[in-house]
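Reviewing the structure listed below.
The values are calculated or read from the model by the stated rules, or taken from the named source; none is laboratory data. As the structure is a prediction and not an experimental result, all values here were calculated from the model. Here the Cβ positions follow ideal geometry from the backbone for every residue, glycine too, while neighbour counts run over all protein chains shown. Ligands, DNA and RNA are stripped out before the accessible areas are found, and what is left, the full protein with its side chains, is counted by its heavy atoms. Shrake-Rupley method; radii C 1.70, N 1.55, O 1.52, S 1.80 Å.
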Amino acid sequence: MKKLRKPAGLLVIILTVNLLLAACSGKPVEVSKNTAGNGEGSSNSTPAATTAEASKDTPAETPTAAPVNYKYGKIDIPGKDGALCGAPIYIAYEKGFFAEEGFDVNLISANAEARKIGLNNGTIPIVNGDFQFFPSIENDVKVKVVDGLHNGCIKLLVKKDSPINGVKDLKGLKIGVDEIGGTPHQVASVWLEKNGISAKPEDGEVKFLPFDDGNLEVEALNKGDIDVAALWDPFGSVQEKTGNYKVIFDLSTDPTFAGKYCCFLYASEKVLDENPEKVAALLRAYHKAQNWIAENPEEAVQTIIDGKYSAIEDKELAVELVKHYQYPSMQEHEMNKHDVGADVLYFATELYNIGYLKTNPNEFAKKAYQKVDLTLGQ
């Protein structure tokens, strides 16, 4: 769920040197290793010189790679935030799936606001994100949900010796989140409201406290400044694995959210209107990547490690999480096993019920979701 903001921790480095430079300069960070035709995203090589035995009378021939013709040319896709759940972006890039579908992709760093602007004006054709984008759609940012990416990646933790065991124990307590209005805050609010506890601040039944760093949130939990920490994975799972905490809520398994996409693919409405086959080709590349991850989770994690896309210290845990995200296979896509539009409507309804959205859920879902014909451009 990337993230759009993921807390820093043992497993996730929020700011690398490149990201700092990008943030200061306002320019995207480019990664230039995407090559079509080899299926691996690596560069072709040419001999540096002829052998000593080559005839002086016969000019040496240096083979050159045929120029690559990308059908859709060069595009920017945000893919440098270090989030493990962004795996399909990294794999589609590294394994050449974007190139196979006609794209010369630059992976860039872009915060939430930059993504919204890029989607709105069409300079960024597609991004991944959770339902934190829903208010932007309600406020007429020109973006559509076009597919789902993966299942849940948020956990609520308490200290292992805490008497808190579930939602019914949370009345009157303090819950740490990364930001007020952020996805962990929304998720916890929906969970509370569905179980009869008001999440509205004016009712005073629970209190949310924001922490812009996951480590600070865990420190507050240890000191008793908060009773519950709502954390993004992989940081939440790293803390769980220490044995010092217990999980009272898992977004991917809790009945309120289980079996539903929490992170979606959002496409620029401008690109959808002007060149829908471009979006269809991008979705085919994402589907290939999701399928590859589903079939090769260990290799997927190793590819992410080798490409330095995410700071992974515990490979075993990373593999477990990638499996936990339940990336859909190609067969599941072809069977339309998952109804993305229904998930959009479900979350729109829940967010409307807690006052986070103002638009009638059915009207919102109709506005927000667009099914794309994947055969376009083939």
Looking only at strands (runs of 3 or more DSSP E) that fall completely inside the range 220-285, which ones have 3 or more residues that are surrounded by fewer than 21 Cβ atoms within 10 Å (Cβ to Cβ) and of a type outside the set (S, T, N, Q)?
245-250
A311 vs. criteria assigned to a helix (DSSP H, G or I) and either in contact with a Leu (Cβ under 6 Å, 6 or more places away or on another chain) or small (G, A, S) (or both):
no
Failed criterion for D161 (all others in (1) under 23 Å from A280 (Cα atoms); (2) surrounded by fewer than 18 Cβ atoms within 10 Å (Cβ to Cβ) hold):
(1)
Condition check: at negative phi, aromatic (F, W, Y) and open to solvent by 10 Å² or more (accessible area, probe 1.4 Å). Does F131 satisfy that?
no
Close pairs (6 angstrom Cβ cut-off, 6 or more residues apart or separate chains): more than 20 Å from F235 (Cα to Cα) in the range 303-332, polar (S, T, N, Q) anywhere
P328/Q290; S329/N291; M330/N291
Restricting attention to the range 194-214, report how many residues are open to solvent by 70 Å² or more (accessible area, probe 1.4 Å) and more than 23 Å from L357 (Cα to Cα).
1
Just the residues that are assigned to a loop (DSSP other than H, G, I, E, B) and closer than 10 Å to V344 by Cα, please, taken from the range 364-378.
none
Here are some residues: V319, V301. Which one is part of a helix (DSSP H, G or I), touching an Asp or Glu at 6+ places or on another chain (Cβ under 7 Å) and surrounded by 15 or more Cβ atoms within 10 Å (Cβ to Cβ)?
V319
Among the residues in the range 113-127, are any open to solvent by less than 30 Å² (accessible area, probe 1.4 Å) and more than 17 Å from the chain's Cα centre (by Cα)?
yes
